[in-house]
1. Part of a loop (DSSP other than H, G, I, E, B) and buried (at least 24 other Cβ atoms within 10 Å of the Cβ): which single residue out of Leu88, Leu72 fits that description?
2. Any chance the range 288-296 includes a residue that's in contact (Cβ under 8 Å) with a residue 24 or more places away in the chain, acidic (Asp, Glu) and open to solvent by 50 Å² or more (accessible area, probe 1.4 Å)?
3. Kindly provide the set of residues from the range 75-85 that are touching a Ser or Thr at 6+ places or on another chain (Cβ under 6 Å) and not in a loop (DSSP other than H, G, I, E, B), ordered by number.
4. Of Ala64, Ala37, which residue is farther than 23 Å from Leu281 by Cβ and either small (Gly, Ala, Ser) or not in a strand (DSSP E or B) (or both)?
5. Somewhere in the range 93-106, is a residue away from ligand 3 (no atom under 16 Å from the Cβ), open to solvent by less than 80 Å² (accessible area, probe 1.4 Å) and closer than 20 Å to Pro296 by Cβ?
6. In the range 128-149, is there at least one residue being of a type outside the set (Asp, Glu), open to solvent by less than 20 Å² (accessible area, probe 1.4 Å), modelled with pLDDT of 95 or more and closer than 22 Å to Ile112 by Cβ?
7. So, in the range 107-151, how many residues would count as being more than 26 Å from Gly292 (Cα to Cα) and not in a loop (DSSP other than H, G, I, E, B)?
8. Among the residues that make up the range 92-106, is at least one of them modelled with pLDDT of 95 or more, over 16 Å from Ser277 (Cα atoms) and away from ligand 2 (no atom under 16 Å from the Cβ)?
Amino acid sequence: MPAPNLRPSPSSTDDTGRAHRIVVLPGDGIGPEVSRAAREVIEAVGHDLGHDFYFEEALIGGAAIDATGSPLPQETLEACERSDAILLGAVGGPKWSDPSAPIRPEQGLLAIRRHFELFANLRPVKVFPALAASTPLRPEVIQGVDMLIVRELTGGLYFGDRAEQGSLAERPDTAYDTMTYSASEVDRVARVAFEAAKGRRGKVTSVDKANVLASMRLWRRQVEKVADDYPDVQLEHGLVDSCAMQIITRPTSFDVVLAGNLFGDILSDEAAVLAGSLGMLPSASLSTGTLGLYEPVHGSAPDIAGRELANPVGAILSAAMLLRHSLGLDGAARAIESAVEKALDAGLRTAELARGGPAASTREMTDAILRELPMVAVA
Ligand code: NAD
Ligand code: IPM
Ligand code: MN
């Protein structure tokens, strides 16, 4: 299977005679707050570049459960099927998190990833120079950190044998999940990692637990086979426990980090410490075509929802990834990334990064970024 189209050739609004269609799935908690910020930034940069965007909003997660009983209504899927890209806020929250609830917001997220076979989840982790002193780590440890976590997203422990899980009802005191990987699942995501490494510093660190788990020994074997096709990329294997430590102690030694679904999930939240905040990290979930789903790495943050405290940067950088990977608008993506950098250089910080100094609200941070976009003036 071919690797996802990491960089579609530049397109314009009119190459198919229609506007770019983006479905926004705000979701729950801070999801609506940060996805609104991301949408405003796309609209602003698109307007400047003469591109038209057609936005459609649809339900997912807890909001969708409340309105329809399903965390991923058919209508939402149909809207996404008609679209070029999906921008998602976050799902979940205490209202729906009773452990015995049969329907959960997170199921909507897993189902949409699976429906569109979004097997490659790119989670770039960069340290903006202005935030070098905003982490618990010494500036010399994090200076220059630039890693890309490639997380497998539609297999592994999250999607273990669902037929077996059905028997849980008969065994209420036992629960289990199975970690299954097929060679083809590993192959396709590994190729994404190696392709990405070719355009970066030429190194892949594949994370596994091959010393204990059979599925992870298959993972390692298959990654080695893929590596044979990439003689110019250096491959190293790491066990997930020691990698978790090294991501903090020697983060600049990582270039592309390739991991399965669960390990990639955990390591990316850990790596967010390097960037200063979980609110900083974007992600792109891709398949073999250009349709992608873009969302910040963080969740719905119920502890700060509705209070203008959310950092919108992870969502805004996800919007940049959307423009780059699904729409081929690399210049627009770079304009957004540089606007974020300038806003941070100017001292703007949301509360979780402010360290006792003045804190910008979600609105103020978004406006500062909008102001730094070329030609955009915010009243
Ligand atoms: P979380 O990522 O929502 O929050 C963890 C901590 O980080 C909280 O203290 C929160 O305030 C802070 N934080 C997160 N995003 C922030 C932002 N943009 N700005 C400032 N601070 C931010 O994780 P959690 O609390 O463990 O999970 C809450 C809910 O979110 C759960 O229901 C979980 O399943 C869900 N979740 C959803 C997604 C998703 O939709 N992609 C991702 C992760 C978690
Ligand atoms: C993420 C989240 C999701 C995951 C949850 C909400 C299903 O943590 O996108 O990182 O584990 O994939
Ligand atoms: Mn996560």
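The values are calculated or read from the model by the stated rules, or taken from the named source; none is laboratory data. Keep in mind it's a predicted model, so treat the numbers as computed, not measured. Note that we place each Cβ from the backbone using ideal geometry, even for glycine, and neighbour counts take in every protein chain shown. All accessible areas refer to the heavy atoms of the entire protein, side chains included, with ligands and DNA or RNA removed. Shrake-Rupley method; radii C 1.70, N 1.55, O 1.52, S 1.80 Å.
1. That would be Leu72, the only listed residue that is part of a loop (DSSP other than H, G, I, E, B) and buried (at least 24 other Cβ atoms within 10 Å of the Cβ).
2. Scanning the range 288-296 turns up no residue that is in contact (Cβ under 8 Å) with a residue 24 or more places away in the chain, acidic (Asp, Glu) and open to solvent by 50 Å² or more (accessible area, probe 1.4 Å).
3. Ala85
4. Details: Ala37 fails: farther than 23 Å from Leu281 by Cβ.
It is Ala64.
5. Yes, the range 93-106 has at least one match.
6. yes
7. 7
8. No - not one qualifying residue is present in the range 92-106.
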